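The values are calculated or read from the model by the stated rules, or taken from the named source; none is laboratory data. Since the model is a prediction, treat every value here as computed from it, not as a measurement. Backbone-built Cβ (ideal geometry, glycine too); neighbour counts: all protein chains shown.
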Amino acid sequence: MLTLKEIPCGETVTVVKIEGAGPVKRRIMDMGITKGAELFVRKVAPLGDPVEVNVRNYELSLRKEDAESILVEKTAEKTRV
Amino acid sequence: MPLIIALAGNPNSGKTTLFNALTGSNQFVGNWPGVTVEKKEGRLRGQKDVLLMDLPGIYSLSPYTLEEVIARNYLLDERPDAILNIVDGTNLERNLYLTTQLLELGIPMVVAVNMIDLLQKNGDLLELDDLSRRFGCPFVSISALKGRGIAEAADEALRRAKENIAPAPVHSFDDRVEAALRAITAELGDEIPAPQRRFFAVKLFERDEKILPRAGAARAAESIERIVCAAEEALDDDAESIITNERYACIVSAIKSGYRRNSAEKMTQTDRIDRVITNRVLALPIFAAVMFIVYYVSVTTVGAFATDWANDGVFGEGWRLFGLRIPGIPAAAGSALAALGAADWLSSLLLDGIIAGVGAVLGFVPQMLILFFFLAFLEGCGYMARIAFIMDRIFRKFGLSGKSFIPILIGTGCGVPGIMASRTIENDRDRKMTVITTTFIPCGAKLPIIALIAGALFDGLWWVAPSAYFVGIAAIVSSGVILKKTRLFAGNPAPFVMELPPYRLPTAANVLHSMWERGWSFIKRAGTIILVSCVLIWFLSSFGFADGRFGMVAELGDGLLAALGTRVAWIFTPLGFGDWKATVATFTGLVAKENVVGTFGVLYGFTEVAEDGAEIWGNLSAGFTPLAAYAFLVFNLLCAPCFAAIGAIRREMNSAKWTFIAIGYQTGFAYLVSLCIFRLGLLFTTGAFGVFTLAACAAVVLFLSLLFRPAARAPAVRTSTV
C-alpha cells in the first residue's frame, strides 16, 4: 500500500485509509482528506517539506510525516482533467 | 437584552470583511478570557439592539484546537439568538463541513454563500433553493467585498432569531450510524432540549471528552460505549472518523444538483502565481526580497523617519511643519509648567515621568502602523500562508512556526512591533514561544550598548558586534528547543495542516482597518504598563536621601535607584559586573535599552555622551575586564526587554502569568548564559577556579540536559485550561 508521502508531484491519488488517531488524524480529516477523496499532489516546498496537495478543489499543505499516515491508491488517469 | 447573532465560518471565507461591512465602526475588540485569541463584537448597522459576535475562524467544532473550543463553548453556553454562517462559494465542499456541524446545534441559522461575484464570473452553478432544501436551512448569496446581499443576509438571520425558527437538519448519515445515534439519543438526560439532542448524540458517539459532562449521560456511559464500539466494528473505523466521513459524503451528495463549478479552466490564477512564488528555486529569493522590502520600509526608512519624528520631534526638541517650528511636547509642557509656577516635583513628574512615559508608548506607534499595514497586506493577499509553507521546515525544528520569521526579523529593528507581529501565527503555542524569544535578537536600541562595549573594551574588534546577533539567534534556537520540551508547551502536537488560500488583492479598507485595530490595541493595553513602569523608575531615580533627609535629588547617583543598585549589585558579582553603576544602568535599560549608555555617562560624571558613549570608553576600560564587559553585554541583550516590549508581551499573552513566565525565563536565561561566559572564560584565560566556576559548569550541564532530554509527556488535552 502506498502512502501519500511516496507520491511524486503531478499525480492524482484516492484516499484509502488514514492511520493513527486523535487530533492530527481528526484535523487531516476535518480538512476534507477522507476515505475516497481525491488528492492531486501539486508540489513540494523548496526545502523539501511540507507538500502541497489539492483536495476538494482547494490547496492544502501538510507535512511529510503526516502524509505518511495517509494510505492512497493511484487514480485512473482519466479522472484528472 | 439585545439580540445576538454569531458570525461563524472558516478562515479565509471573508468573515472579517463581512463583519466590518455589517458593523461599520461600532466594534469592540478584546480577547476571549484568559487566552490569546481575539474576540470581536459589534453593533449591527441600523439596528440598535442587535449585537454581532465574530467567532474565531474555524474549520470544525472538534475539541482539539483552542479556537474551536472557544467557538463551541460560546455556542453551547451563551446560545446566541441566531448564527450567520458565512461560507466561501469557491470552496463550498469544505466550508459546508462546518455548516453541517453548526446545523445540529438547533440554533436559528442562515448560510451566506460568499464570493457570489466570482462564482458568476466563472459561470458556476449555484441553486440556492435546492441547497436550502437539502440542508434544511436558508441559503443566501452575498459578496462581502462588494456589499451585495449582506443586509438581506443579516435581516434573514434577524427574522429567524426573532421568530426562533430553528433549522431542520435533513442531512443523514449511513443507516448503521443513524441507528447508533438514535440509540444514544435515547440515553441522553431529559434536560437536553429537543433541538440539541442530535448534537449531543453525535458528540457522544465521537467520544468527545469535553461534551461528556454536559450531556447528562454519565450514568449511561457504559451502554453508550457499547453502542459506539458496535458501530466501529460494523464500519471498520474509529467513531470520530466515521462521523467525518459521513459528513463529507452527505455534503457531496447534497450539493450535486445545486452546485457545480465550471471546470473549463483547471489552472487558476492562484496556481499560476504559485508556480513562481513557491517555486523550488525562486521561492527563497522572492521571500528574501519581500522581507527586505518590509524591513527596509517599516524599520529603516519610513519607519525610522516616523519614529524619529515622534521621539525626537513631538516628544523631543520640536519639529518643523512647512518651515513653522512646532515645539516638542516636553518643551511646550515645560514652559507651560514654568509659567504656572508648578512645584519642582510636579513638573518633574509630568515631564520626566508621565510625558516621557507616554512618549515611550506613542513614539513606537507610527512605525508600528507602517509595519501593521504590511502585515495586513501580506495576510490579506495570501502570501503569509506561503511564508509558513516555505519556512516551516526550518522553524518547526525548534518549536516555532514558519511565520515566526517575521516577528524575529522585525525584532532586529524594534522588539515591540516584532512581538505584536506574532499575532499572525494561528497556533497558540507557536505564538507564545515566538513572543518569548523575539526580543533575544538585538534590536535597534541595543546597538548603542554593543557599540559601547565593542568600542570601550575591544577596541572595535570586528567580531564583537556580529557576535551579538549570533548570541541572539543561538538564544532563540536553544530556547525553542528547551521550551518545546517543558510541561508548559507539552501537549498534543499541533498538526501543520494548513490551507493555502487563493491569492486575492485585499481591499484598502480591510488593510487600514486591521492596521488601526492592532495599533490601537497596543496603545490601549500596552500603554498602561509602560506608563506605570516609567513613572516608577522616574520616582526611584529622582527621589532619594540627600543631606540626611528624603526628597528630590539632583544627581542620579543620590537617588533611590542608585541606593538600590548598590544593595543588589552583589547579584551580578558572579557575572563579573557586580558594580553599582552597571546595575543602575541595567535598571534604567528597562525604560529603554539605549538608556544604558546614557546612564553610564551620567554616573561617570558626564552630562551628555555620544550615542556610543565614546567619552566614557576610558572609564569603562579601567573599571571592567573585557570578559566582564562581554558578560554585561550579553546579559543586557538577553534579559527582560524594555517596558514597551514588556507591555507588548503582556498585550499578546493576555495573561499576567504568561507575562511573568516570559520575563522570568528571559532574565534567568540571560543570567545563566552570562555566568557561563564570564566564569568559564575566566577559567580558560586565567585558570581561576571557584564556587561560581562550579555553578557555571552546573549551568552548562543543566542547559545541555534540557536541550537533549526527551520531550515532556503531554497532559490530557492541551486546551484543557479553557
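Within the stretch B:413-430, being out of contact with any Phe, Trp or Tyr (no Cβ under 8 Å at 6 or more places or on another chain) and not hydrophobic (A, V, I, L, M, F, W, C) holds for B:G415, B:G418, B:S422, B:R423, B:T424, B:E426, B:N427, B:D428, B:D430.
The set of residues in the stretch B:203-227 being more than 11 Å from chain A (Cβ to nearest Cβ) and crowded, with 20+ Cβ neighbours inside 10 Å consists of B:K203, B:L204, B:F205, B:A215, B:A217, B:I224, B:I227.
Residues are listed down the side, and each one gets a yes or a no for (1) among the charged types (D, E, K, R); (2) more than 30 Å from B:A622 (Cβ to Cβ); (3) assigned to a helix (DSSP H, G or I):
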residue: B:I410; (1), (2), (3): no, yes, yes
residue: B:G418; (1), (2), (3): no, yes, yes
residue: B:R429; (1), (2), (3): yes, yes, yes
residue: B:A456; (1), (2), (3): no, no, yes
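Those helices (runs of 4 or more DSSP H) of the stretch B:118-193 in which 3 or more residues are closer than 30 Å to B:A218 by Cβ occupy B:175-187.
Restricting the stretch B:458-469 to residues that are in a loop (DSSP other than H, G, I, E, B) and hydrophobic (A, V, I, L, M, F, W, C), the residue that is surrounded by the most Cβ atoms within 10 Å (Cβ to Cβ) is B:L461.
Screening B:Y503 against (1) within 14 Å of another protein chain (Cβ to nearest Cβ); (2) surrounded by fewer than 22 Cβ atoms within 10 Å (Cβ to Cβ); (3) within 24 Å of B:P641 (Cβ to Cβ); (4) of a type in the set (S, T, Y) leaves a single unmet condition, (3). Scanning the stretch A:26-37 for residues that are farther than 21 Å from B:R393 by Cβ, crowded, with 22+ Cβ neighbours inside 10 Å and not hydrophobic (A, V, I, L, M, F, W, C) returns A:R26, A:D30, A:G32, A:T34.
Note on the stretch B:651-665: residues that are over 26 Å from B:F678 (Cβ atoms) and either among the small types (G, A, S) or surrounded by 24 or more Cβ atoms within 10 Å (Cβ to Cβ) (or both) total 4.
Of all the residues that make up the stretch B:59-96, how many are of a type in the set (K, R), more than 25 Å from the chain's Cα centre (by Cα) and either more than 9 Å from chain A (Cβ to nearest Cβ) or part of a loop (DSSP other than H, G, I, E, B) (or both)?
Result for the stretch B:59-96: 1.
Give the number of residues within the stretch B:610-634 that are in contact with a helix residue (DSSP H, G or I) (Cβ under 7 Å, 6 or more places away or on another chain) and assigned to a loop (DSSP other than H, G, I, E, B). Qualifying residue count for the region: 4.
For the stretch B:517-560, filtering for residues that are within 24 Å of B:G601 (Cα to Cα), of a type in the set (D, E) and assigned to a helix (DSSP H, G or I) leaves 1.
Can you name every residue in the stretch B:51-100 that is β-branched (V, I, T) and within 20 Å of B:E246 (Cα to Cα)? Within the stretch B:51-100, B:I58, B:V87, B:T99, B:T100 qualify. Among the residues of the stretch B:666-712, not one is touching a Gly at 6+ places or on another chain (Cβ under 8 Å) and in a loop (DSSP other than H, G, I, E, B).
Might you let me know whether the stretch B:233-247 holds any residue that is more than 12 Å from chain A (Cβ to nearest Cβ), modelled with pLDDT of 90 or more and either buried (at least 20 other Cβ atoms within 10 Å of the Cβ) or under 22 Å from B:C137 (Cβ atoms) (or both)? No, that holds for no residue. Looking only at the stretch B:470-491, decide whether some residue is part of a loop (DSSP other than H, G, I, E, B) and within 14 Å of chain A (Cβ to nearest Cβ). Yes, the stretch B:470-491 contains at least one residue that is part of a loop (DSSP other than H, G, I, E, B) and within 14 Å of chain A (Cβ to nearest Cβ). Looking for something in contact (Cβ under 8 Å) with a residue 40 or more places away in the chain, over 30 Å from B:I616 (Cα atoms) and in a helix (DSSP H, G or I) - is there at least one such residue anywhere in the stretch B:492-510? Among the residues of the stretch B:492-510, at least one is in contact (Cβ under 8 Å) with a residue 40 or more places away in the chain, over 30 Å from B:I616 (Cα atoms) and in a helix (DSSP H, G or I), which makes the answer yes. All but one of (1) within 14 Å of another protein chain (Cβ to nearest Cβ); (2) outside any helix (DSSP H, G or I); (3) modelled with pLDDT under 95 hold for B:P56; which doesn't? Looking at each condition in turn, B:P56 falls short on (1). So, B:M498, is that one among the hydrophobic types (A, V, I, L, M, F, W, C), surrounded by 21 or more Cβ atoms within 10 Å (Cβ to Cβ) and either within 14 Å of chain A (Cβ to nearest Cβ) or within 30 Å of B:N20 (Cβ to Cβ) (or both) or not? Yes, satisfied. Could you check B:A283 against (1) surrounded by fewer than 16 Cβ atoms within 10 Å (Cβ to Cβ); (2) in contact (Cβ under 8 Å) with a residue 12 or more places away in the chain and say which number it fails? Status for B:A283: all satisfied but (1). Could you say whether any residue in the stretch B:370-379 is away from chain A (no Cβ under 14 Å), of a type outside the set (S, T, N, Q) and in contact with a His (Cβ under 9 Å, 6 or more places away or on another chain)? Scanning the stretch B:370-379, I find at least one residue that is away from chain A (no Cβ under 14 Å), of a type outside the set (S, T, N, Q) and in contact with a His (Cβ under 9 Å, 6 or more places away or on another chain), so the answer is yes.
Please enumerate the residues belonging to the stretch B:263-293 that are within 22 Å of B:L500 (Cβ to Cβ) and in a loop (DSSP other than H, G, I, E, B). Those that are within 22 Å of B:L500 (Cβ to Cβ) and in a loop (DSSP other than H, G, I, E, B): B:S263, B:E265, B:K266, B:M267, B:T268, B:T278, B:N279, B:R280, B:V281, B:L282. A search for C-beta distances below 6 Å between a residue of the stretch A:17-28 that is more than 7 Å from chain B (Cβ to nearest Cβ) and any residue that is among the hydroxyl-bearing types (S, T, Y) and surrounded by fewer than 22 Cβ atoms within 10 Å (Cβ to Cβ), counting only pairs 6+ apart in sequence or on different chains, returns A:E19/A:S69; A:G20/A:S69.
Search the stretch B:370-405 for residues being of a type in the set (V, I, T) and under 22 Å from B:L282 (Cβ atoms), and hand back the single one that is nearest to the chain's Cα centre (by Cα).
Checked the stretch B:370-405; the qualifying residue nearest to the chain's Cα centre (by Cα) is B:I387.
Looking only at residues in the stretch A:38-50 that are surrounded by fewer than 23 Cβ atoms within 10 Å (Cβ to Cβ) and of a type in the set (A, V, I, L, M, F, W, C), the one that is nearest to the other protein chains (Cβ to nearest Cβ) is A:L47. In this entry, A:P8 is excluded by the filter for residues that are surrounded by fewer than 21 Cβ atoms within 10 Å (Cβ to Cβ) and at the interface with chain B (Cβ under 7 Å from one of its Cβ atoms). Exactly one residue out of A:K35, A:K74, A:K64 is at the interface with chain B (Cβ under 7 Å from one of its Cβ atoms) and on the phi < 0 side of the Ramachandran plot, and it is A:K35.
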